[in-house]
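The values are calculated or read from the model by the stated rules, or taken from the named source; none is laboratory data. No experiment lies behind these values; they were computed from the predicted model shown. We place every Cβ from the backbone using ideal geometry, glycine too, and count neighbours over all the protein chains shown.
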Amino acid sequence: MPLVRSKRDNMCYYEQYRFECGDWKWGNFKRHCQSEYRMGETCGMKLILHTLPVPNKCQWCEKIDKKTRRYEKTRADYGRWYQDPSRQASAAKALEDMHALAGEIKTIQAERQSRMQNVGNVRRAAPQSRAAAQA
């Protein structure tokens, strides 16, 4: 009697790591596709075999958290130094740093959002990012 294979056997499976923030990343390759005839090659279709929870935040959220903590510290310093006439230069520098950090936080959040929209395929990137990459 011939062995009947389901469509499920014709795909390549990987682990998926899910972070506490809801983001995820591909893990290790786990099961080879039966339809791929070349040794060491995969069919290109990534399916999830197991989802493993990770108790940490993703690298994007870690960066955002670090920048947010620096922003809050700088804001507290600015609040203290603004009232002191001898610390006006420090207050001005803190204000510049706050604006720079706010811009960096927005940039990282936009990169994370763009990454979430373009899941799995960098060629599906938004047209403006493709044009910027070619320039």
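A single member of 94, 132, 89 is among the aliphatic types (A, V, I, L, M), surrounded by fewer than 15 Cβ atoms within 10 Å (Cβ to Cβ), modelled with pLDDT of 90 or more and not assigned by TED's automatic domain parsing to the domain that holds residue 15, and it is 89. Here residue 74 fulfils each of the conditions (1) exposed (fewer than 12 other Cβ atoms within 10 Å of the Cβ); (2) at pLDDT 95 or above apart from (1). Just to be sure, is residue 104 at pLDDT 95 or above and surrounded by 14 or more Cβ atoms within 10 Å (Cβ to Cβ)? So residue 104 passes the test.
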